[in-house]
Amino acid sequence: MTAPLVYLFWHTWRNRLTSRLKRLREPKYLVGGIVGGLYFYFYFFRHFLGSGPRGRPGLGPEVGFAMDIEGFGALAMLIIVAGSWFLPHSRAALTFSEAEIAFLFPAPVTRRTLIHFKLFRVQFRILFSTFILTLVTRRFGGFAFTHAVGWWLILSTLDLHFLGCSFARTRLLDRGVTNWRRRLLVLGLLGMVVGGTAVWGWRSLPVGELASGSGVEPYARYLQSWMAVPPLNGVLLPFRWMARPFLTESAGAFFWALGPAVLILLLHYTWVVRSNVAFEEASLEASRKLAERVAAVKSGKLHVMGGKAKRRSSLFELASTGPLPTAFFWKNLISAGQGFSPRIWIVIIAVTVGVSAGIGRSGLGSGWLSFAAVLCGILGGWSVLMGPQLMRQDLRQDLPLMDVLKLYPVPGWQVVLGELLAPLAIITVFQYVMVAVLCGVLPATGATRGWAVSLPAVALATALVLPFLNLLMLQILNGAVLLFPAWFQSGREAPQGIEATGQRILFLLGQMLALAVGLVPAAIVFAALFFIVRLTGMASLAVVAGGCGAALALAGEAALGVFLLGKMYDRFDLAAELPAGG
Amino acid sequence: MINVDGLTKLYGDFVAVQELTFGVQPGEVLGLVGPNGAGKTTTLRCLAGIIPPSRGRISVAGHDLLGQPLAAKKELAFCMDEPRLFEYLTVEQHLNFTARLYQVKDFRPLADQLLDELELSPKRHALPGELSRGMKQKLVIACGLLHSPKVIFFDEPLTGLDPLGIRRMKDSILKRARDGAAIIISSHLLHLVEEICSHILILKNGRLVASGTMDEITRRFSSETGGTDLEEVFFRATSDAAPEPGPRA
């Protein structure tokens, strides 16, 4: 019965690869593939293939002090495994694709065969992770082969353990052992290990050792000494065996270390394969959730990842007549969710200003204020670049529904303007809060002492420029949707892999170039007005005047951008994006 | 009300629709039928202004769809086969949004009436994710009918509806036709087409193979072998040995 599954696996893999290779005939994918390939080469492979620290001894001797890396690795795995017994609450669920469920579950295929199919398929993910982790850890020295085999053993064993653990959890639930009873049991076992170790170690460990040394070293040494205390050392032993092949420094040591690690892997495999637990029902639900999550990620609807969309009230009543862009603004604000309701903003502003003022008056220290100022400055600056990337309640969100939008009797420029308004408002309000906090905090830190211009003037100029700058950024991103819709496609046809990475890199570069070009007129106007007004000797007024001019220049560009994007929207031919239909 | 002259749609080198010419008058219900890949959905998408035709002219309620797209779109509604909804808007919010886009003054009584007619009133605060496929289909239709369009396109309107929903939908379509709307229905359900359509247009490989009233079509294809129903007409018209298409205004 495994033959059909091997057939399915092989042909799925081969057809996917073939279609990806065929797609490279299209220039946009070929260019993306080349750029993506170069990126991966320079970031990863160069270190692997080129003059990396190949053949250097393992990680152990590279560390500044004689740290028991194997022990710490074992401890980390112990914590992960304990977590897998303590945290989850659901029944065993092997995640299959919806098509696999439709074909395999009703077919005369045994559970054990399905588990084997799943284990076999998971190996691709594990091998890929092994590859990436080996590339990363190779940068720190060691042997590529031992790293690769070591990572594979660790990841495979942990994966089998998670699966076996989920089966055991299901079996316990079937026998009436609730999740909380199981958790108490796990806590009890952990408590016995910790308690026993504490009692044993308290008598034998020198307490004063922690005080000597500097940095993390004394803590590491102290923890290391606890790891050698029974019964913890015994509990850690199998985990040490799992970690050992990765850390070996010679071929002989590697093969000696391989035996126990492989034995643990085989024991896990036997445990999983011999488990006869009904996972089908939970798998249906898990697979559905996975499909939803994948679709959400591919379509950029990250808010859906956490679950289904929630009912949200609108921020304002939408009248049935009035400007058309308002309808899109209203719709997209609902999409953005209650996280951006006025009440939340008022609370955030009140708390931030109140705390800032309180700290300032109490004179408790400029350290906190400096921290707040730096934080606001970073967040504000970051929001200019990343805000438009993250707030996607615009054409990027509505691209899958473009045929519905095209039905509406709304001019293209009004659709574009309406679509841009929600992310624009959200980002700008956030930035205004940051500017307001900075205005409140900066004087108290003393950072504005010696400034030739007043802080309110700088804040006003910034506040004038920000909305139009955000609009420009959003236009670049939305223009890309209209120009290269295939790059934003969701679902099965969405670009994936190296070529998709290359496309994103190219797109980011294009975005930066477009932004730089767009800022040139505003910068020229700002500089000209600033220097002219500066001649009067009023520097603050010069900044405000420059800000006004720059804002006007950006507004002009934004208006032109909305007009051009509207034309692009009107000409947007969905025939190229939609299937031909019947 | 709907006039199509020489409509042609190309996808690259592929001809999806070729030189299609027909008209639908107020009160008429035209059934658009054809095998899979005949070009029905492409035709409806062109007529609704979603995709531009490669050649030809389309007039909707006296407005040229290419020259005056906004005026034409204000008069039409397109209920797609697959319900396409905003996942974060409730049923009521969908209607509110649609009302603003079509500038429907005082839309609430009309929206309530539509929700009652389509049995969606208890679900007015539900999100699309909470609706069955049939209910989603009804919501799409409610949004389409909110602005009282003069021209309505239905693409497989009965998919996902229960028997009562099917009955109500048929009644609703016929009521709109009696009120003077020009309606085109694309469907594979030939008994539905036979039951509610006054005219038939059969497409095959993007080309018109037959059009006319139900009687005209039946007469034409039954002349050789005697009386027949639409199903027989369909098979004969779309078979390789079908006669050349006859003219229709």
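What follows is calculated from the coordinates using simple rules that are stated; it is not laboratory data. Predicted model, so just to flag it, every value in this text is computed and none were measured. Backbone-built Cβ (ideal geometry, glycine too); neighbour counts: all protein chains shown.
Taking Cα atoms only, the orientation of helix B:91-101 departs from the longest principal axis of chain B by about 70 degrees. Each other residue within a Cβ distance under 13 Å of A:Arg244 adds +1 if Lys or Arg and -1 if Asp or Glu, for a net charge of -2.
Distance between the C-alpha centers of the stretch A:3-28 and the stretch A:180-206? Whole Å please. When both Cα centres are located, 51 Å separates them. As a rough guide to protection, the peptides B:37-48, A:505-516 ranked by mean Cβ packing within 10 Å, highest first, stand as B:37-48, A:505-516.
Sort A:Trp202, A:Trp271, A:Trp330 by Cβ crowding within 10 Å, fewest neighbours at the top.
Placing the least packed residue first, the sequence is A:Trp202, A:Trp271, A:Trp330.
At a 10 Å Cβ-Cβ cut-off, how would you order A:His116, B:His125, fewest neighbours first?
Taking fewest neighbouring Cβ atoms as first place, the list is B:His125, A:His116.
Peptides B:156-166, A:458-468 ranked from most to least packed, by the mean per-residue count of other Cβ atoms within 10 Å: A:458-468, B:156-166. Applying a threshold of 24 Å to the alpha-carbon distances of B:Lys105/B:Lys170; B:Lys74/B:Lys175; B:Lys105/B:Lys150; B:Lys74/B:Lys105; A:Lys310/B:Lys150 flags B:Lys105/B:Lys170; A:Lys310/B:Lys150 as lying beyond it.
Cβ-to-Cβ counts within 10 Å put A:Ile132, B:Ile2 in ascending order as A:Ile132, B:Ile2, the fewest first. With an a/c value of 1.5 or above and a/b not larger than b/c for the gyration tensor axes a ≥ b ≥ c computed over the alpha-carbon atoms, the stretch B:28-97 is described as oblate.
The stretch B:18-95 and the stretch B:149-182 have their alpha-carbon centroids 15 Å apart.
Could you give the distance between the Cα centres of the stretch A:416-478 and the stretch A:496-543, to the whole Å? Going from one Cα centre to the other spans 15 Å.
Label the stretch B:56-211 by shape, choosing from rounded, prolate and oblate, from the square roots a ≥ b ≥ c of the eigenvalues of the Cα gyration tensor; if a/c is under 1.5 it is rounded, and otherwise prolate applies when a/b is larger than b/c, oblate when it is not. Since a/c reaches 1.5 but b/c is at least a/b, the shape of the stretch B:56-211 is classed as oblate.
Within 10 Å of the Cβ of each residue in A:327-335, the mean number of Cβ atoms contributed by other protein chains is 4. Counting charges near B:Gly34 (Lys, Arg +1; Asp, Glu -1) among other residues having Cβ under 10 Å from its Cβ returns a value of +3.
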